[in-house]
Amino acid sequence: MFLSDNWYVAALGAELTTKPLSRQILGEHVAIFRNESGRIVALADQCPHRGYPLSLGTVVGDELVCGYHGFTFDCTGTCVAVPGQDRIPSRADVRSYAVVEQGPWVWIWTGRGEAEMSLLPSTPWLVDTENWSSVGGVAKIDAAFDLLVDNLLDLSHETFLHNGSIGTPEVASTPIEVEADEDSRVVRVFRHMNSVDCPLFYSRTTGLEGKVDRWQDIEYSPPGYYLLHSRIAPVGQPPLPDGTDDHAFHMKIFYGLTPSTEDSVYDFWALARDFCINDDEIDRFLEKMQTGVVQEDVDALNILQIRTSRVPEVNEVSIKIDRGGLSARRMLATMSDARGHP
Amino acid sequence: MFLSDNWYVAALGAELTTKPLSRQILGEHVAIFRNESGRIVALADQCPHRGYPLSLGTVVGDELVCGYHGFTFDCTGTCVAVPGQDRIPSRADVRSYAVVEQGPWVWIWTGRGEAEMSLLPSTPWLVDTENWSSVGGVAKIDAAFDLLVDNLLDLSHETFLHNGSIGTPEVASTPIEVEADEDSRVVRVFRHMNSVDCPLFYSRTTGLEGKVDRWQDIEYSPPGYYLLHSRIAPVGQPPLPDGTDDHAFHMKIFYGLTPSTEDSVYDFWALARDFCINDDEIDRFLEKMQTGVVQEDVDALNILQIRTSRVPEVNEVSIKIDRGGLSARRMLATMSDARGHP
Amino acid sequence: MFLSDNWYVAALGAELTTKPLSRQILGEHVAIFRNESGRIVALADQCPHRGYPLSLGTVVGDELVCGYHGFTFDCTGTCVAVPGQDRIPSRADVRSYAVVEQGPWVWIWTGRGEAEMSLLPSTPWLVDTENWSSVGGVAKIDAAFDLLVDNLLDLSHETFLHNGSIGTPEVASTPIEVEADEDSRVVRVFRHMNSVDCPLFYSRTTGLEGKVDRWQDIEYSPPGYYLLHSRIAPVGQPPLPDGTDDHAFHMKIFYGLTPSTEDSVYDFWALARDFCINDDEIDRFLEKMQTGVVQEDVDALNILQIRTSRVPEVNEVSIKIDRGGLSARRMLATMSDARGHP
């Protein structure tokens, strides 16, 4: 059911210590931890002996010892010790997952074959801490992955669900442009709002007052990576033809969408900005605001899951604002078909 | 499964404001609210766009605006606005339900066709506030509708489940008379207890001491309306042949039985009395006592649902006290058959 | 599914009063109580009238009165009164279960036929309070009976799950001997650890310091009775050929394993010791320690049930330490087959 031959965000690096974290990713239980050398290790979270979660075990040096009967695994998942005997059964190894730490996020390759590094999303704005400052977090949503995709691809909901923070009437009323690039596997949604009110989220951080130009350019790379280029600028000062855009404030808004089960999803987020660098007060403001925005989405999707999953054949009435979401659904369906499912 | 061509109590009028109430009635989610003109509106609680509950939306004037993307509906369920475009899709309307406010209760017609006003129960004692004072409330029971019907039709349980408030030994031991009137669709159960102890519920409110005559005359109008005529009088002073009954205290005990899902039911109740009119202290006493009685029923039926639903083929042993409940079951079955179910 | 022609622990005698206890045993709801004569009575916990749990009723004299409509039962389950009439329907009786109180435990015969007294386990150490002092308790585990059998038959888990109380490295590393006696229906597991560290559980109670000989001899009588003979002695002082063993401290550790449902089990436990007789402080210490140990098992099995029941085909990798558990499983399977299941 899942598009497993892909990279997904598995954890915030800040979550990982020698006390293993148990996370269910694409239906699989994974134990993620740092061993005492600091290396991040992700193993199947089930001991081959009697099925006990390895995440309840103990990291000793570079190895993980099961908390029930002591089966012991190295960072490749190889079983290196069992209790009461020297011979180690050949079937006692567990799966290990390729992981990459990049900025605040730890990515996991969930495919069965070799990890394809070329598919790993690049998030330079989260890594270049000299020119960009960022905050972030993660929420679990008890709703299907698809509902989160719908949510993020149609930002008209900001006007109603997030009014007071990022929503103004113009987000819902401004027409969008949509591009679906099948080859590079990206869906783009452009919403350029010129001479509109600046919502609190940006007025408080940029200091701009009155009307602004506010652009929202989405790049969604299915299945699990979403980037919103947000541009806030004084009215009538577009970027120069060479791309220079000194009058504008830029924010990159990242989402890592990681299916947990068929009906739950992790919602990793990060905000990177090219202004107020290293400003702790702005960090705290943005973290608090965005945590509130994400919680509004969580609450809405949780109830939507309950309501729509029990009435599977909800007849949707789609309109122009839905073209981004519908493009994303088509691309996901194409990727699913391409996997060779019957 | 439900007898939908009927009126059911949907809400207490006191529950309804411009903040919509979400209530599941006969399996259907309904958003009920007063618009800013004060009119009570009941709409299907699911936006046709992406399925979001309309009850989470906002009433603006006489219209309801969906809290997710702003689809807007008037009091007939007609969609009058969508975001980002002027054209409104023809499929964007939602069902509206006929509602009638009558005394403290708001009734809803759940049938697909035109509301049949002739089927709306009449509750004059709840409307004539000059000669009758009333209190009321509502409880949700996690048990099938049938269990509540059984409970209310066999009052012998008062002796055991409600002892200390309304139960005395005579309720269980006094033989009953039962009449089932198929034409007018009423089941009647008569229990006339003469020269018996007066339970606290009535001794405290009527001031009668020692023995009393206590009559309980049930009129159940399946599926959703139940009325208990309760008569408390000094011993040996029956009503006169012309119906005059000046020596007696009368209480009308109403239940609105509204299936929520297959295994849950709303239990609306109201008590009207022709004595101690406008006596706030008696109001508070009766409200507190009856809330306690209803909670005893809720607790009993909740556990009964858990126990009996897992053992579907419980072999019931029925006795004489069950004749009222068995009559009610037969009438409900007849009504169900008459609906043309295969 | 259950091996019902057996005795199981149903309750601690200390749990039983005239307020009935509701306990689900081998899937059957049972109401257990002492009547006013002090006799322990166990009846099917479902009134034949409308299915209400009899455990919510009231004991009056030697009888139990249903809390809903007053059907009344004597200690044999015979219905002796119903409300509103003198004739008692012949089908109104409920099943009663044979029970035996023996030391702190109340055993129940769950078979359909006559209780076989010869199958009742003998627990003399729990009855002989002159030479043995004991403490005990009960926990409910939301895990299948099989997982508790696995747990108790393989004590190597003490090293990892119960380290700090009863676990030391030698429990896991010491080889075991296993005997399965099909005729007398006992699985025995011997683990004799000589000259090993004394865990806190025993050092604090025996006063022994430094190395000790520690023997763990399990006798498991499937399905529901488990006894661990624990022997702690100064190094190199084995029992004499005639069985005399004056230098050693003996503890008998009992478990009553009583399936509640297919996926939950009661874990009754008791500890009897032949030292520090009637020492309240040692009682409290052991009760606290063992309650902690049992809770560690409960937590582990609860999570194991969730994890393994959703992945039914966990491929187990068994090793030498598992031979006791595997023997137990085989004997349980044989007993199940012998019942004549297809």
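The values are calculated or read from the model by the stated rules, or taken from the named source; none is laboratory data. Values in this document were obtained by computation on a predicted structure and should not be read as measured data. Glycine gets a Cβ as well: all are built from the backbone with ideal geometry, and neighbour counts include every protein chain shown.
Quick grid of which residues meet (1) touching an Asp or Glu at 6+ places or on another chain (Cβ under 7 Å); (2) free of Cβ contacts under 8 Å to residues at least 12 places away in the same chain; (3) within 14 Å of A:Leu152 (Cα to Cα):
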residue	(1), (2), (3)
A:Arg185	no, no, no
A:Arg188	yes, no, yes
A:Glu219	no, no, yes
A:Tyr226	no, no, yes
A:Pro238	no, no, no
A:Pro241	no, yes, no
A:Asp245	no, no, no
A:Tyr255	yes, no, yes
Per the filter on the range B:184-206, residues over 21 Å from B:Asn151 (Cβ atoms) and within 22 Å of the chain's Cα centre (by Cα) are B:Ser184
Taking the range A:78-106 and keeping residues surrounded by fewer than 19 Cβ atoms within 10 Å (Cβ to Cβ) and either in a loop (DSSP other than H, G, I, E, B) or of a type in the set (D, E, K, R) (or both) leaves A:Thr78, A:Asp86, A:Arg87, A:Ile88, A:Pro89, A:Arg91, A:Arg95, A:Ala98, A:Glu101
Scanning the range A:57-71 residue by residue, those out of contact with any helix residue (DSSP H, G or I) (no Cβ under 7 Å at 6 or more places or on another chain) and either away from chain C (no Cβ under 11 Å) or surrounded by 22 or more Cβ atoms within 10 Å (Cβ to Cβ) (or both) turn out to be A:Gly57, A:Val59, A:Val60, A:Gly61, A:Asp62, A:Glu63
Note on the range A:193-234: residues among the small types (Gly, Ala, Ser) and crowded, with 22+ Cβ neighbours inside 10 Å are A:Gly224
For the range A:277-292 the number of residues that are farther than 19 Å from A:Thr129 by Cβ and buried (at least 18 other Cβ atoms within 10 Å of the Cβ) is 1
| query | Among the residues of the range B:156-175, is there at least one that is in the same structural domain as B:Phe268 (by TED's automatic domain parsing), surrounded by fewer than 15 Cβ atoms within 10 Å (Cβ to Cβ) and either closer than 26 Å to B:Ile277 by Cβ or within 23 Å of the chain's Cα centre (by Cα) (or both)? | reply | no
Answer with yes or no whether C:Arg50 is assigned to a loop (DSSP other than H, G, I, E, B), surrounded by 22 or more Cβ atoms within 10 Å (Cβ to Cβ) and within 14 Å of chain B (Cβ to nearest Cβ). yes
For the range C:118-145, pairs from a residue that is more than 25 Å from C:Asp5 (Cα to Cα) to a residue that is among the acidic types (Asp, Glu), with Cβ under 6 Å and 6 or more apart or across chains, are C:Trp132/C:Asp274; C:Val135/C:Asp283; C:Val135/C:Glu287
### Message
A:Ser55 - would you say it is without any contact (Cβ under 8 Å) to a residue 40 or more places away in the chain and assigned to a loop (DSSP other than H, G, I, E, B)?
### Response
no
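Yes/no per residue for (1) within 14 Å of chain B (Cβ to nearest Cβ); (2) among the charged types (D, E, K, R); (3) more than 25 Å from A:His29 (Cβ to Cβ):
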position: A:Pro259; (1), (2), (3): no, no, no
position: A:Cys276; (1), (2), (3): no, no, yes
position: A:Lys288; (1), (2), (3): no, yes, yes
position: A:Gly292; (1), (2), (3): no, no, yes
position: A:Leu301; (1), (2), (3): yes, no, no
position: A:Ser309; (1), (2), (3): yes, no, no
position: A:Asn315; (1), (2), (3): yes, no, yes
position: A:Leu326; (1), (2), (3): yes, no, yes
position: A:Arg339; (1), (2), (3): no, yes, no
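Yes or no, residue by residue, for (1) touching a helix residue (DSSP H, G or I) at 6+ places or on another chain (Cβ under 9 Å); (2) within 23 Å of A:Phe254 (Cα to Cα); (3) in a loop (DSSP other than H, G, I, E, B); (4) within 14 Å of chain C (Cβ to nearest Cβ):
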| site | (1), (2), (3), (4) |
| --- | --- |
| A:Ile108 | no, yes, no, no |
| A:Glu114 | no, no, yes, no |
| A:Trp125 | no, yes, no, no |
| A:Glu130 | no, yes, yes, no |
| A:Ser134 | yes, yes, no, no |
| A:Gly137 | yes, yes, no, no |
Exercise. Might you let me know whether the range B:82-97 holds any residue that is more than 14 Å from chain A (Cβ to nearest Cβ), more than 22 Å from B:Tyr266 (Cβ to Cβ) and either among the hydroxyl-bearing types (Ser, Thr, Tyr) or more than 29 Å from the chain's Cα centre (by Cα) (or both)?
Key: no
Within the range B:139-155, the residues that are surrounded by fewer than 20 Cβ atoms within 10 Å (Cβ to Cβ) and within 12 Å of chain C (Cβ to nearest Cβ) are B:Asp146
Those residues of the range A:323-339 which are of a type in the set (Val, Ile, Thr) and not in a helix (DSSP H, G or I) amount to none
Within the range B:34-47, of all residues that are more than 8 Å from chain A (Cβ to nearest Cβ) and touching a residue at least 40 places away in the same chain (Cβ under 8 Å), the one farthest from A:Leu148 (Cα to Cα) is B:Ile40
When every residue in the range C:167-195 that is of a type in the set (A, V, I, L, M, F, W, C) and under 20 Å from A:Val82 (Cα atoms) is compared, the one nearest to the other protein chains (Cβ to nearest Cβ) is C:Ala172
Here the qualifying pairs (Cβ atoms under 7 Å; residues six or more apart or on different chains; first in the range A:1-22 and at pLDDT 95 or above; second of a type in the set (Asp, Glu)) come out as A:Gly13/A:Glu101; A:Thr18/A:Glu36; A:Leu21/A:Glu15; A:Ser22/A:Asp45
Of the listed residues (B:Thr308, B:Thr258), the one being modelled with pLDDT under 95 and surrounded by 19 or more Cβ atoms within 10 Å (Cβ to Cβ) is B:Thr308
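Okay, residues lined up against (1) among the aliphatic types (A, V, I, L, M); (2) out of contact with any Pro (no Cβ under 6 Å at 6 or more places or on another chain); (3) modelled with pLDDT of 95 or more:
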{"position": "C:Ser184", "(1), (2), (3)": "no, yes, no"}
{"position": "C:Arg191", "(1), (2), (3)": "no, yes, yes"}
{"position": "C:Thr206", "(1), (2), (3)": "no, yes, yes"}
{"position": "C:Val212", "(1), (2), (3)": "yes, yes, yes"}
{"position": "C:Gly224", "(1), (2), (3)": "no, yes, yes"}
{"position": "C:Arg231", "(1), (2), (3)": "no, yes, yes"}
{"position": "C:Pro234", "(1), (2), (3)": "no, yes, yes"}
{"position": "C:Gly243", "(1), (2), (3)": "no, yes, no"}
Any hit, the range C:2-25, residues being at positive phi, in a loop (DSSP other than H, G, I, E, B) and not charged (D, E, K, R): no
